[in-house]
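Since the structure comes first, as structure tokens, the remarks are kept for the end.
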Amino acid sequence: MANLTKSSTGYVNTFVSVLASLFGVQSSANYQRDFSQGRFIHFVVIGVILVALFVVGLLALVKWLVGA
């Protein structure tokens, strides 16, 4: 049977790590894990998506508040 341990972080862990980094609450242990095991492109893609969702959410909130 194949070894089930993964050498890289999973998508959920990457998502949580990027989210924690955006809020500034990333732990030192997770930071080290990300740089030693994570793939750069995963962090970039998830980071860009989260920032884009944040900006779209802010724009929608402002549009709703101004229209109200």
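Annotations
Here is a yes/no grid of residues against (1) at pLDDT 90 or above; (2) surrounded by 10 or more Cβ atoms within 10 Å (Cβ to Cβ); (3) at positive phi; (4) among the polar types (S, T, N, Q):
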{"residue": "ALA2", "(1), (2), (3), (4)": "no, no, no, no"}
{"residue": "THR14", "(1), (2), (3), (4)": "no, yes, no, yes"}
{"residue": "GLN32", "(1), (2), (3), (4)": "no, yes, no, yes"}
{"residue": "GLY38", "(1), (2), (3), (4)": "no, yes, no, no"}
{"residue": "ALA52", "(1), (2), (3), (4)": "yes, yes, no, no"}
{"residue": "VAL56", "(1), (2), (3), (4)": "yes, yes, no, no"}
{"residue": "LEU61", "(1), (2), (3), (4)": "yes, yes, no, no"}
{"residue": "GLY67", "(1), (2), (3), (4)": "no, no, no, no"}
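- A Cβ distance below 6 Å, combined with a sequence gap of six or more or placement on separate chains, defines the contacts here; from segment 40-56, residues that are more than 11 Å from LEU22 (Cβ to Cβ) reach residues that are of a type in the set (Ser, Thr, Tyr) in the pairs HIS42/THR14.
The values are calculated or read from the model by the stated rules, or taken from the named source; none is laboratory data. In this text, all values refer to a predicted model and were calculated from it rather than measured experimentally. With ideal geometry, Cβ positions are generated from the backbone for all residues, glycine too; neighbour counts draw on all protein chains shown.
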